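First comes the structure, then the notes that go with it.
The values are calculated or read from the model by the stated rules, or taken from the named source; none is laboratory data. Bear in mind that the values here come from a model prediction, so they are computed numbers and not experimental data. Here the Cβ is made from the backbone with ideal geometry for all residues, glycine too, and neighbour counts use every protein chain on show.
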Amino acid sequence: MNLDSLLRTQIQKAVFAVFNQQIDNPQLQPTNKEFEGSHTLVCFPLAKISRKGPEETARLIGDHLVANSGIVSRYNVVKGFLNLVIGDTVWLEVFRSIHADKKFGERPSNGKEIMVEYSSPNTNKPLHLGHLRNNFLGWSVAEIYKSIGYNVHKVQIINDRGIHICKSMAAWKLFGNGATLQSSGLKGDKLVGKYYVEFDKVFKAQISELEQKGNSKETAEKEAPIMKLAVEMLQKWEQKDPETLSIWKMMNGWVYEGFSVTYHRMGVDFERLYYESKTYLLGKDEVLRGLDKGIFFKKEDGSVWVDLTADGLDQKVLLRSDGTSVYMTQDFGTAILRFRDFPKIEKQVYTVGNEQEYHFKVLFLILAKLGYSWAKECYHLSYGMVDLPTGKMKSREGTVVDADDLMQEMVEEAARQTKELGKIDEMTDSEFENLSEMIGMGALKFFLLKVDPKKRMLFDPAESIQLQGHTGPFIQYTYARIRSIIRKAETLNIQPAIQGITSMEPAEREVIFMIHYYMNKLEEAAREYSPAVVANYAFELAKEYNQFYQSIPIFNESDPAKLKFRVALSQVVADVLKKSMGLLGIRMPERM
RNA sequence: GGCUCCGUAUUUCAAUGGAUAGAAUUUCAGAUUCCGAUUCUGAAGAUGUAGGUUCGAUUCCUACCGGGGCUACCA
């Protein structure tokens, strides 16, 4: 039973009965805590059709609902707000159906498919803090869509070719002495990253040397020997030179080995990988087709452009004068390829930093101009930079926070904290390790996901792992304590049940209200592409439960019906907490 | 210059155009015969500025102030 839609229908009926008017979408919102009731109908907009004051309008609707709806037991009116009180028996019925529904929180398949792209790393260096936000966001949005019935395809594009990887390759060739994974003992992506840093160091030294000899900065950058080598390697790569290809394959192989370790710890996964080396030539045909149709135009030097000035943007190049393609060209080529690979998807979601907002605006516009109807459904899941308390985190400034290091630190901190609290005595080593991983990663994920994606945010590692406050571990603790209650109920052989009670304490009603609101929140999160909605919901639910826990006895309750009901309530809260946090990729401990 | 995102308590974050702008944090004052006090209750404290639309604006519009990003025949 869906209480909200039932109530909406009843309100529509009431408005029709009282004012003889149809309304599409009654404006319902949760009632402020200071007033009695759970659902509030905003009646200001209805004053126009009722031709009465907002308060009188509210009263007339309220009277009709109490008399006819069967679910509203009483109401109060404050200004133009109609606060509705749902009877306890109705709430208990709502709760009973949730408790019985093993699949609560998961919509059955709606037959629709979407694709979510995230991560999309370059293969010349390790993943950093920004990638963590990217991966957690993309993965979580995919899970949220799954839970409301979509078939979701998780993909990434791996930027495995281009000048950046050739830089690492050049440095390895010059200074590597044939180093391998085995000989270095390093994680693969770290080893390749080391040469990328090495390249940069040597490159800068060569530039300043050339500048001192009187060259301009531009010339120096072009003429630096190590850069010339990297460019040469890129050309050889494009000509499929066997030696270059084998270095390229070897070094990318190292990176993939390293990345897979990092992804595993992050807890993210992909259904399909796209490699830029296989897609970078795509899109050219589409440009030529667009040129024929007059969507694009050619300049006298032979380069092909699209004119987006009518859409408030600039002109954008699509093919260079030498006929080669640019990033934009391959990106819409890849988009089209994906729709061929997965013909049923109705849109793509791209999880990419907000510095590429312009790029995606152009991309979607071009796709629309080419006649692809799905273009307008595509979405750029844009997110802001992550700052640290110590300062800004920018790769250019060389203060990159490595993803592996950060995860390791979080887990170590969690372990230290748990030890300090003296909770490890009854745990085996592997249980302790597992718990530290859950808490450390939970703290990290929750903190990165609780903020609206599009906002630039500050990540404070110390604050994120606190057991009190707006944190993942706080919610995990609440969960662990509930599980402890459930275990005790099991040993006492108390079966959770909803029988023999007809009324509730306010704190119990609040908890049920929060639980019943879960699906609304999931849909909002999907609509907004925002895991933050789910994160903040889980936090609210945990707090609501703690209030109940604090003020109402469970095992000291003498009425067995109430005792069983409260155990059932605890059980459902635990389930919903676990499900909602699961959508953020956060695991929940039985004990902590 | 053009485009775009952002500006909310000391700080970090909330608020489909709705009520006295919520949390967390910090400080102070309280609560446990009890299921895990890593909890709960109370107090203090904020919408960058100036207009406009609206019954009602943190939200929409305009201008300004402040911050980030984009504006490459780079990816």
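Okay, here's what the table says:
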| quantity | calculated |
| --- | --- |
| Test: residue in region A:420-442 that is away from RNA strand B (no atom under 13 Å from the Cβ), buried (at least 24 other Cβ atoms within 10 Å of the Cβ) and within 26 Å of the chain's Cα centre (by Cα) | yes |
| Number of positions in region A:495-513 that are in contact (Cβ under 8 Å) with a residue 60 or more places away in the chain and among the acidic types (Asp, Glu) | 1 |
| Residue selected from region A:274-287 under the condition in contact with a Phe, Trp or Tyr (Cβ under 9 Å, 6 or more places away or on another chain) and assigned to a helix (DSSP H, G or I), by the criterion farthest from RNA strand B (Cβ to nearest atom) | A:Glu286 |
| Among the residues listed as A:Ile165, A:Ile114, the single one being within 16 Å of RNA strand B (Cβ to nearest atom), touching a helix residue (DSSP H, G or I) at 6+ places or on another chain (Cβ under 8 Å), in contact (Cβ under 8 Å) with a residue 12 or more places away in the chain and β-branched (Val, Ile, Thr) | A:Ile165 |
| Test: residue in region A:45-59 that is surrounded by fewer than 20 Cβ atoms within 10 Å (Cβ to Cβ) and either modelled with pLDDT of 95 or more or within 29 Å of A:Thr502 (Cβ to Cβ) (or both) | yes |
| Some residue of region A:227-241 being in contact (Cβ under 8 Å) with a residue 12 or more places away in the chain and acidic (Asp, Glu) | no |
| Odd one out for A:Ser551 among (1) away from RNA strand B (no atom under 13 Å from the Cβ); (2) surrounded by fewer than 19 Cβ atoms within 10 Å (Cβ to Cβ); (3) small (Gly, Ala, Ser) | (1) |
| Region A:350-387 - residue that is outside any loop (DSSP other than H, G, I, E, B) and of a type in the set (Phe, Trp, Tyr) and, of those, surrounded by the fewest Cβ atoms within 10 Å (Cβ to Cβ) | A:Tyr358 |
| Test: residue in region A:320-342 that is within 31 Å of the chain's Cα centre (by Cα) and farther than 30 Å from A:Tyr145 by Cβ | yes |
| Filtered residue count, region A:195-227, keeping only those that are assigned to a loop (DSSP other than H, G, I, E, B) and among the aromatic types (Phe, Trp, Tyr) | 0 |
| Criterion violated by A:Ile144 - all others in (1) surrounded by 20 or more Cβ atoms within 10 Å (Cβ to Cβ); (2) at pLDDT below 95; (3) part of a helix (DSSP H, G or I) satisfied | (2) |
| Members of region A:60-113 that are farther than 30 Å from A:Ile345 by Cα and small (Gly, Ala, Ser) | A:Gly62, A:Ala67, A:Ser69, A:Gly70, A:Ser73, A:Gly80, A:Gly87, A:Ser97, A:Ala100 |
| Residue within region A:26-49 that is of a type outside the set (Val, Ile, Thr) and over 30 Å from A:Ala525 (Cβ atoms) present | yes |
| Cβ-Cβ under 7 Å pairs, at least 6 apart or on other chains, region A:570-592 side closer than 24 Å to A:Asp269 by Cβ and of a type in the set (Lys, Arg), far side away from RNA strand B (no atom under 15 Å from the Cβ) and at pLDDT below 95 | A:Lys579/A:Gly105 |
| Unmet criterion (only one of (1) within 23 Å of the chain's Cα centre (by Cα); (2) surrounded by 16 or more Cβ atoms within 10 Å (Cβ to Cβ); (3) within 9 Å of RNA strand B (Cβ to nearest atom)) for A:Gly469 | (2) |
| Helices (runs of 4 or more DSSP H) contained entirely in region A:501-592, each with at least 1 residues that are among the aromatic types (Phe, Trp, Tyr) and more than 27 Å from A:Ile144 (Cβ to Cβ) | A:531-551, A:560-583 |
| One residue from A:Gly62, A:Gly105 being surrounded by 19 or more Cβ atoms within 10 Å (Cβ to Cβ), more than 12 Å from RNA strand B (Cβ to nearest atom) and modelled with pLDDT of 95 or more | A:Gly62 |
| The lone exception for A:Val94 - which of (1) under 25 Å from A:Ser503 (Cα atoms); (2) more than 10 Å from RNA strand B (Cβ to nearest atom); (3) without any contact (Cβ under 8 Å) to a residue 60 or more places away in the chain; (4) not charged (D, E, K, R) it fails | (3) |
| Residue satisfying condition, being over 16 Å from A:Arg133 (Cα atoms) and assigned to a loop (DSSP other than H, G, I, E, B), within set A:Gln466, A:Gln417, A:Gln476 | A:Gln466 |
| Inter-residue pairs, beta-carbon under 8 Å, first acidic (Asp, Glu) and in region A:317-338, second within 9 Å of RNA strand B (Cβ to nearest atom) and modelled with pLDDT under 90, 6+ apart | A:Asp322/A:Gly302 |
| Residue among A:Thr351, A:Thr399 that is touching a Gly at 6+ places or on another chain (Cβ under 8 Å) and at pLDDT below 85 | A:Thr399 |
| Single condition A:Lys347 does not satisfy, out of (1) within 19 Å of the chain's Cα centre (by Cα); (2) among the basic types (Lys, Arg); (3) in a helix (DSSP H, G or I) | (3) |
| Among residues of region A:305-317, those that are near RNA strand B (Cβ under 9 Å from one of its atoms) and in a strand (DSSP E or B), counted | 4 |
| Matching residues, region A:26-58, being within 9 Å of RNA strand B (Cβ to nearest atom) and either of a type in the set (Ser, Thr, Tyr) or touching a Cys at 6+ places or on another chain (Cβ under 9 Å) (or both) | A:Gln27, A:Thr31, A:Thr40, A:Pro54 |
| Which listed residue, of A:Arg487, A:Arg509, A:Arg566, is under 31 Å from the mean Cα position of the chain (by Cα) and either surrounded by fewer than 20 Cβ atoms within 10 Å (Cβ to Cβ) or under 20 Å from A:Asp101 (Cα atoms) (or both) | A:Arg509 |
